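The block underneath contains the structure these notes are about, expressed in structure tokens.
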Amino acid sequence: MNMIDDLGILNQQIAKLEEQARTIKQALIARGVGSYNGESFFAEVQEYDRENISAPLVRKFGDAGFVAQVTQIQHIKAVVVKPLGL
């Protein structure tokens, strides 16, 4: 195997693990806010508000200068792995 295939296999395994984690988190959230103990770990279910600024509304109601001031640009380097014709 080469490193491209290794990365693809790892990505598939991670996706499966993330799905398992989502399922467990949903079950814990269903129990409600609080702390829950396992044998080696504990989990805390929290509930809180998160504030976000609406980018479409900033663009709609702000002038170009304001939008430029509040826009952060990040240079991203990414690797995208997809299966070959499977």
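Filtering the range 55-76 to residues that are under 30 Å from ASN11 (Cβ atoms) and in a loop (DSSP other than H, G, I, E, B) leaves GLN72, ILE73, GLN74, HIS75, ILE76. State which residue pairs qualify: first residue touching a residue at least 12 places away in the same chain (Cβ under 8 Å) and inside the range 26-43, second residue charged (D, E, K, R) and surrounded by fewer than 10 Cβ atoms within 10 Å (Cβ to Cβ) in any location, beta carbons under 8 Å apart, and separation of 6 or more residues or different chains. Sorted first by the residue in the range 26-43, then by its partner, the pairs are VAL33/GLU47.
Residues are listed down the side, and each one gets a yes or a no for (1) modelled with pLDDT of 95 or more; (2) touching a Pro at 6+ places or on another chain (Cβ under 9 Å):
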residue	(1), (2)
GLY8	no, yes
LYS16	yes, no
ALA21	yes, no
LEU28	no, no
GLY38	no, no
ASN52	no, no
ALA55	no, no
VAL58	no, no
PHE61	no, no
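Just so you know, in the range 22-54 the residues that are in a helix (DSSP H, G or I) and more than 19 Å from the chain's Cα centre (by Cα) include one that is surrounded by the most Cβ atoms within 10 Å (Cβ to Cβ), and it is ARG31.
Of the residues in the range 57-78, how many are of a type in the set (Val, Ile, Thr) and either more than 23 Å from the chain's Cα centre (by Cα) or surrounded by 10 or more Cβ atoms within 10 Å (Cβ to Cβ) (or both)? It would help to see each step written out before you state the result.
At the first step, the residues of the range 57-78 found to be of a type in the set (Val, Ile, Thr) are 58, 67, 70-71, 73, 76.
Still in the list and also either more than 23 Å from the chain's Cα centre (by Cα) or surrounded by 10 or more Cβ atoms within 10 Å (Cβ to Cβ) (or both): 58, 67, 70-71.
Selection size over the range 57-78: 4.
Of all the criteria given as (1) assigned to a loop (DSSP other than H, G, I, E, B); (2) more than 18 Å from the chain's Cα centre (by Cα); (3) of a type in the set (D, E, K, R), the one not satisfied by ASP6 is (1). When the test is whether a residue is in contact with a Phe, Trp or Tyr (Cβ under 9 Å, 6 or more places away or on another chain) and of a type outside the set (Ser, Thr, Tyr), VAL79 does not pass it. Only a single item in (1) touching a residue at least 40 places away in the same chain (Cβ under 8 Å); (2) part of a helix (DSSP H, G or I) is not met by VAL79, and it is number (2).
The values are calculated or read from the model by the stated rules, or taken from the named source; none is laboratory data. Note that this is a predicted model, so its numbers are computed, not measured. Quick reminder, even Gly has a Cβ in these numbers, built from the backbone with ideal geometry, and neighbours come from all protein chains shown.
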